[in-house]
Amino acid sequence: MPRLLRSSGLVEDDWRRLAPEEQDFGGQRILVPLDTWLTHREALLERVPQRIGIWLDGDQEPDAIANDLARFGCIAIHFPAFTDGRGFSCARLLRERYGYCGELRAIGDILPDQLHYLWRCGFDAFELPDEVSLDTALDCLGAFSASYQSAVREAARG
Amino acid sequence: MYRYDDRDRTLVRERVRQFRGQTERYLAGELSDDQFRPLRLQNGLYIQRLAPMLRISIPYGLISATQLRRLARIARVYDKGYAHFTTRQNVQFNWPRLEEIPDILEELAEVEMHAIQTSGNCVRNITTDEFAGVAPDEVEDPRPWCELVRQWATFHPEFAFLPRKFKIAISGSEQDRAAIQVHDVGLELYRNAAGEVRIRVFVGGGLGRTPMLGEVIREHLEPRHLRTYLDAILRIYNRYGRRDNKHKARIKIVVKAWGAEEFARRVEREWQHLKDGPNTVTEAELGHFRSFFTAPEYRDPEPNTEAEIQAQTGADRAFARWLERNVRPHRVPGYAAVTLSLKPVGVPPGDVTDAQLEAIADLAETFSLGQARVTHHQNLVFADVRRADLYRLWRELKTLGFATPTIGTLGDIICCPGGDFCSLANAKSIPIAEAIQREFDDLDYLYDLGDLSLNISGCMNACGHHHVGNIGILGVDKKGEEFYQIQIGGAAGSDATLGQVLGPSFYAPEVPRVIGRILETYVRIRHEDETFIETCRRVGVAPFKEWVYAKAA
Ligand code: SF4
């Protein structure tokens with residue numbers, strides 16, 4: 001069970017992630033694949049807002065959910081490989097273009113060494129593999145204390 | 001020259017600390033080879049055929065005497081006593097030890113240098129004209145713009161894991177000396193009718209397996225939009241560049257697949273959201289960057305300098321030759337720009353020893369305001385030499401072996417490290433360069449041939465820019481044997497052209513003879529005052545091909 005790094009520290013994940021074909025929508029909080037959401041939107045809309053979240057791959061188009069963002073308690077962007085940087089752009093689009101303000105998670109293959117950039121692009125929760133210590137993760141998260149360009153965090157500071 | 005402020009210093013220090021941590025975790029087995037690779041590459045560290053190779057950034061080629069001395073020290077303490085200047089205005093060390101890399105980075109940070117993003121799938125070192133700021137044909141000094149783009153690209157959180165590497169070059173003169181059309185993005189600074197700076201944006205150029213020239217996607221970008229427009233280009237590339245095939249992952253493939261027009265349209269659409277956002281360049285910022293590159297206090301020319309030079313050239317033919325080939329005009333009367341040739345016969349192009357680096361640092365201080373530039377021809381330039389000092393400088397350079405008067409001729413070969421060092425190579429390149437230099441070492445013949453570039457790459461990655469050499473040589477592998485494919489008609493610069501392959505490739509020992517036949521053909525058919533490339537353009541490859549492949553009578 002991967003642990004989750006939030007600003008509050010390392011926590012157990014309280015969201016159940018549905019597999020791509022899965023149609024069992026039970027559970028307190030569920031993370032639904034983007035395609036499942038698009039196909040079953042009507043049914044899923046009946047759920048309590050904020051108890052539903054979406055997960056998508058970095059190569060999927062976030063504008064498909066642009067109008068529903070307020071409903072989601074969580075959006076997770078999946079990195080198929082840590083070298084695949086599409087999720088960084090996807091995160092900024094969700095935050096800056098579509099104004100999403102809920103939890104934005106990085107899941108899949110990510111290195112602690114990427115946490116700082118992920119955070120700057122708007123992520124605020126990170127799935128951590130077991131072998132990564134909290135110390136390493138926090139150290140990586142705060143790797144730099146300054147920046148040359150404005151991304152999500154810098155723009156917010158204004 | 002740009003000087004670090006607190007932010008630069010902090011970031012470079014934090015980077016050293018970060019990399020030290022990564023190296024320790026790697027050595028402790030916490031990071032696998034595959035995980036460490038992209039991290040170390042973004043710090044310029046390759047694991048090569050024989051040892052690690054560390055590539056150090058020389059932002060847009062500018063280097064101070066202090067920095068040169070530090071490179072000398074690093075060469076001596078951590079390496080085998082020499083450094084290698086590359087075609088991308090960087091410097092490489094071929095023998096450092098992995099454990100010591102963080103120490104080297106710390107030594108570099110002390111003199112405002114680093115190895116950040118000198119490799120890996122990110123935005124690389126920005127390159128420009130080695131005569132920036134002093135060229136008579138300059139319309140806008142590209143250096144402040146280079147620094148602006150350098151900062152934008154450094155630790156850009158969104159673009160550190162692109163499909164592939166990303167190279168940007170900037171030119172601000174009539175003659176493009178930065179080869180902007182063979183970069184992922186090329187920026188041409190020019191002035192509009194009202195005298196304001198505008199930027200012409202080329203995208204999708206590049207060499208390698210699929211050589212292509214960049215296409216213009218925006219004719220007159222206003223300076224304040226530079227960063228947001230680059231953000232838009234990079235975002236489109238990051239999201240839609242191919243990641244399934246390393247050989248099709250450069251931005252040029254997207255540009256080609258969509259067509260330049262459609263690509264421009266997509267960028268434009270993305271840009272509409274970013275335009276005028278927080279990354280907009282302010283006048284104050286531009287002024288700040290420009291303030292580092294204001295003209296130094298030039299001295300007035302002395303009245304009898306030119307007469308003296310005339311007397312010196314009359315007395316010393318070697319000096320005259322050097323003046324003709326290695327010295328260029330400067331926009332300020334009484335000054336000149338001098339190219340130091342790093343290509344004496346028998347030394348791999350671009351290689352210098354620690355002692356030589358120190359000597360160059362001394363000379364830079366005496367003769368050129370304490371600075372030098374690295375050129376993409378793998379030479380060095382002293383940009384601000386008083387004409388009155390030329391003779392004295394020449395004698396010093398001659399003693400050091402940097403006065404080979406062959407700049408711009410066949411002797412000034414561009415050559416990648418090739419099979420002697422590089423693990424990607426198909427064939428050796430340095431011995432080929434040397435064989436050609438030895439075969440054609442008669443200066444009178446070289447001068448008679450005139451301007452002629454010969455570029456050699458050890459594989460399709462084209463680090464030696466063989467496609468844009470007037471003569472290009474590419475190492476190929478045929479069933480485990482090293483062969484060389486030869487092409488002609490390539491050119492870099494404002495009239496960039498890709499060369500055409502002559503025909504079947506050759507064994508190494510045949511190469512000098514083949515080059516000889518190409519040259520003979522040129523000499524035979526050239527019109528008066530026609531350069532090699534002009535002849536190629538007029539007649540095409542056929543006459544060259546015919547003589548190269550003619551059976552011995
Ligand atoms: S062209 Fe090929 S052989 Fe030469 S340095 Fe580049 S990768 Fe290595």
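Residues of the range B:382-426 with the amide nitrogen closer than 17 Å to a label point 7 Å from the Cα of B:Glu308, along Cα-to-Cβ, please.
Under cut-off, by backbone N: B:385-397.
Taking a ≥ b ≥ c as the square roots of the Cα gyration tensor eigenvalues, with a/c under 1.5 meaning rounded and otherwise prolate when a/b beats b/c, else oblate, which class fits the range B:76-117?
Oblate shape, in that a/c is at least 1.5 and b/c is the bigger or equal ratio.
Is the shape of the range B:451-553 rounded, prolate or oblate, going by the alpha carbon gyration tensor and its root eigenvalues a ≥ b ≥ c, with a/c under 1.5 for rounded and a/b larger than b/c for prolate?
oblate
For the range A:3-141, what is the Kirkwood hydrodynamic radius in Å, using each pair of distinct C-alpha atoms?
That comes to 15.1 Å for the range A:3-141.
Could you tell me the center-to-center distance, by alpha carbons, between the range B:404-454 and the range B:250-273 in angstrom?
Between the Cα centres of the range B:404-454 and the range B:250-273 lies a distance of 38 Å.
So which trypsin sites (Lys or Arg not before Pro) in the range B:204-272 end up in coil per DSSP with only 14 or fewer other C-beta atoms within 10 Å?
Of the trypsin sites (Lys or Arg not before Pro), the ones in loops of the range B:204-272 whose Cβ has at most 14 other Cβ atoms within 10 Å are B:Arg209.
Between B:Arg395 and B:Asp33, what FRET efficiency follows from the Cβ-Cβ distance if R0 is 51 Å, with the result rounded to 0.05?
About 0.50, to the nearest 0.05.
Setting aside same-chain residues fewer than 8 positions from B:Lys275, which lysines have a Cα under 23 Å from its Cα?
Excluding near neighbours in sequence, the set is B:Lys167.
Report Rg(Cα)/(2.2 N^0.38 Å) for the protein assembly as shown, keeping two decimals.
Compactness ratio reported: 1.02.
Taking the Cα centre of the protein assembly as shown as the origin and placing charges on Cβ (Lys, Arg +1; Asp, Glu -1), which of B:Asn245, A:Leu5, A:Phe126 is farthest toward the positive end of the dipole?
Farthest along the dipole direction, towards plus: B:Asn245.
Could you work out how far apart the two model spin labels at B:Asn461 and B:Ser494 are, taking each label as a point 7 Å from the Cα in the direction of the beta carbon, and quote it in nm?
3.4
Which of the GluC sites (Glu not before Pro) found in the range A:1-94 are loop residues per DSSP with 13 or fewer other Cβ atoms within 10 Å of their Cβ?
Filter output for the range A:1-94: A:Glu12, A:Glu21, A:Glu22, A:Glu46.
Cα gyration tensor of the range B:210-330, axes a ≥ b ≥ c as square roots of the eigenvalues: rounded (a/c below 1.5), prolate (a/b > b/c) or oblate?
In terms of gyration-tensor shape, oblate.
Return the distance in nm (one decimal) between the two label points of a simple spin-label model at B:His220 and A:Phe25, each offset 7 Å from Cα along Cα→Cβ.
So the two model labels end up 5.5 nm from each other.
For a quick check: with amide H placed at 1.01 Å from N, whose amide H comes under 5 Å from B:Met53's, ignoring anything fewer than 5 positions away on the same chain?
B:Tyr46, B:Ile47, B:Gln48
How much length is gained on full extension from A:Ala146 to A:Asp13, taking 0.36 nm per residue of separation minus their Cα-Cα distance?
The span from A:Ala146 to A:Asp13 would gain 44.8 nm if fully extended.
Around B:Cys416, with a cut-off of 12 angstrom between Cβ atoms, what is the net charge of the other residues, counting Lys and Arg +1 and Asp and Glu -1?
+1
State, as an integer percentage, the relative contact order of the range B:6-109 based on alpha-carbon contacts under 8 Å between residues 6 or more apart.
Worked out over the range B:6-109, it gives 29 percent.
Pop the C-beta distance of A:Leu69 and B:Arg13 into the FRET formula with R0 = 35 Å and round what comes out to the nearest 0.05.
Efficiency computed from Cβ-Cβ geometry: 0.35.
Compute, for the range B:414-552, the length of the dipole vector about the Cα centre, with Cβ point charges of +1 (Lys, Arg) and -1 (Asp, Glu) only. Units Debye, rounded to 20.
Dipole about the Cα centre, nearest 20: 600 debye.
Return the long-range amide H neighbours of A:Trp55 (sequence gap of 5 or more, or a different chain), with a cut-off of under 5 Å between placed amide H atoms.
Excluding prolines and chain starts, which carry no amide H, the hits are A:Val32, A:Leu34, A:Ala76.
What does the charge dipole of the protein assembly as shown about its Cα centre add up to, to the nearest 20 debye, if the Cβ of each Lys and Arg holds +1 and the Cβ of each Asp and Glu holds -1?
I would put it at about 720 debye.
Under a Cβ-Cβ limit of 4.7 Å, which cysteines in chain B have nobody to pair with?
B:Cys122, B:Cys146, B:Cys415, B:Cys422, B:Cys459, B:Cys536
Can you tell me the FRET efficiency between B:Asp529 and B:Val501 if r is taken as the Cβ-Cβ distance and R0 is 30 Å, rounded to the nearest 0.05?
0.60
For B:Thr118, which sequence-distant residues (separation of 5 or more, or a different chain) have an amide H within less than 5 Å of its own amide H, given hydrogens modelled in the peptide plane?
Under 5 Å from the amide H of B:Thr118 lie the amide H atoms of B:Gly44, each far enough along the sequence or on another chain.
For the residue pair B:Ala194 and B:Glu110, what label-to-label distance in nm results when each label sits 7 Å from Cα along the Cα-to-beta-carbon direction?
Calculated label separation equals 5.1 nm.
With +1 on each Lys and Arg Cβ and -1 on each Asp and Glu Cβ, and nothing else charged, work out how big the dipole of chain B is about its Cα centre, in Debye to the nearest 20.
It comes to approximately 1820 debye.
Could you work out the relative contact order of the range B:414-552? I mean the mean sequence separation of Cα pairs under 8 Å and 6+ apart, divided by the number of residues, in percent.
Answer for the range B:414-552 is 19 percent.
Around B:His225, what is the net charge, scoring Lys/Arg as +1 and Asp/Glu as -1 over all other residues with Cβ under 14 Å from its Cβ?
That sum, taken over residues with Cβ under 14 Å, equals -3.
Can you check how the C-alpha radius of gyration of the range B:330-463 compares to 2.2 N^0.38 Å, as a plain ratio?
So the Cα radius of gyration is 1.11 times the expected 2.2 N^0.38 Å.
Within 10 Å of each candidate Cβ there may be at most 10 other Cβ atoms; applying that plus a DSSP loop requirement, which trypsin sites (Lys or Arg not before Pro) in the range A:80-158 survive?
Sites meeting the loop and neighbour criteria: none at all.
Using Cα centres only, tell me the gap between the range A:1-69 and the range B:110-160 in whole Å.
42
Values quoted throughout were computed directly from the atomic coordinates according to the rules given, and no laboratory measurement underlies them. A quick note: this is a predicted structure, and the numbers were derived from the prediction, not measured. Quick reminder, even Gly has a Cβ in these numbers, built from the backbone with ideal geometry, and neighbours come from all protein chains shown.
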